[in-house]
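Since the structure comes first, as structure tokens, the remarks are kept for the end.
The values are calculated or read from the model by the stated rules, or taken from the named source; none is laboratory data. Note that the coordinates shown come from a computational prediction; the quantities given were computed from them, not determined experimentally. Here Cβ is always computed from backbone atoms with ideal geometry, including for glycine, and neighbour counts include all displayed protein chains.
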Amino acid sequence: MSRSRSVQALLDLIESFVEGRISAAEFERRYMLEFQARDDGTWREEEYQLLNGLFGAVDAFCADPRLRDPRQDLDETGLRAAARRVLEQLPRTRPASSFGQARPA
């Protein structure tokens, strides 16, 4: 099943963060902008729920440990774990990348 370009662009961004090609701060900035700009109403419900959930995790990310409330804020490790879960739950439609996701049968 093919993905919309907007979802694929977000998955590419998520993968860049999970694989360590961009920092958590860069991911936070870009995901907030890209999610809002790319939510074009064509996403499947599962895609929207997972990507919107990650939006919430990005919103809860706090890079500064002095300001972080461990009861409600995420550090980089927590944000990366949330991003990895999205990649695991929304398998890519193209061949597996270095992230190691198997191509759906």
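For the reader, a short list of remarks on this structure follows.
- Pair list, Cβ under 9 Å, 6 or more apart: the stretch 78-96 residue part of a helix (DSSP H, G or I), other residue polar (S, T, N, Q) and modelled with pLDDT under 95: Leu87/Gln101; Glu88/Gln101
- Gly78 being under 16 Å from Gly20 (Cα atoms) and modelled with pLDDT under 95: no
- Residue within the stretch 46-55 that is part of a loop (DSSP other than H, G, I, E, B) and within 13 Å of the chain's Cα centre (by Cα) present: no
- Search result, residues across the stretch 10-45 that are within 14 Å of Leu87 (Cβ to Cβ) and either among the aliphatic types (A, V, I, L, M) or touching a residue at least 40 places away in the same chain (Cβ under 8 Å) (or both): Leu10, Leu11, Leu13, Ile14, Glu15, Phe17, Val18, Glu19, Phe27
- Count of the stretch 53-76 residues which are of a type outside the set (A, V, I, L, M) and in contact (Cβ under 8 Å) with a residue 12 or more places away in the chain: 9
- Top-ranked residue of the stretch 81-105 - restricted to ones that are modelled with pLDDT of 55 or more and among the small types (Gly, Ala, Ser), ranked as surrounded by the most Cβ atoms within 10 Å (Cβ to Cβ): Ala83
- Among the conditions (1) at positive phi; (2) in contact with an Asp or Glu (Cβ under 6 Å, 6 or more places away or on another chain), the only one that Ala24 does not satisfy is (1).
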